[in-house]
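Handing you a structure now.
The values are calculated or read from the model by the stated rules, or taken from the named source; none is laboratory data. Being a predicted model, the structure only gives us computed values, none of them experimental. Ideal geometry is used to build each Cβ from the backbone, glycine not excepted, and the neighbour counts take in all protein chains shown.
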Amino acid sequence: MANQRATCKGSPSANYYSNGCRCAGCREAWRVFKEEDKATKNKRGTKRDTPMVEHDAFTREQILAAREL
Ligand SMILES: [Zn+2]
């Protein structure tokens, strides 16, 4: 055999996929693993409390109002 691949032998996992097993179970496990990885990264990245935007817009309006006077 020229191409030696790891096989999960009936117990698919993302780890076996990275080792070379491409059975349906391992592909699915890998997909789920990737999705979860993405989800955790997104959760960590959604940290946007920006009350500054509203404040900034308010200030711009105040400047315009001040100019008209
Ligand atoms: Zn497999």
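Can you name the number of the only condition in (1) modelled with pLDDT of 75 or more; (2) part of a helix (DSSP H, G or I) that His55 fails?
Among (1) modelled with pLDDT of 75 or more; (2) part of a helix (DSSP H, G or I), the lone unmet condition for His55 is (1).
Sticking with this structure for a sec: Can you find a residue that is at pLDDT 95 or above and among the aliphatic types (A, V, I, L, M) anywhere in the stretch 34-50?
Checked against the condition, which is being at pLDDT 95 or above and among the aliphatic types (A, V, I, L, M), the stretch 34-50 yields no hits at all.
Under 7 Å between Cβ atoms, which residue pairs at least 6 apart in sequence (or on different chains) link something in the stretch 23-45 that is near the ligand (Cβ under 9 Å from one of its atoms) with a partner that is among the aromatic types (Phe, Trp, Tyr)?
Cys26/Tyr16; Cys26/Tyr17; Arg27/Tyr17; Ala29/Tyr17
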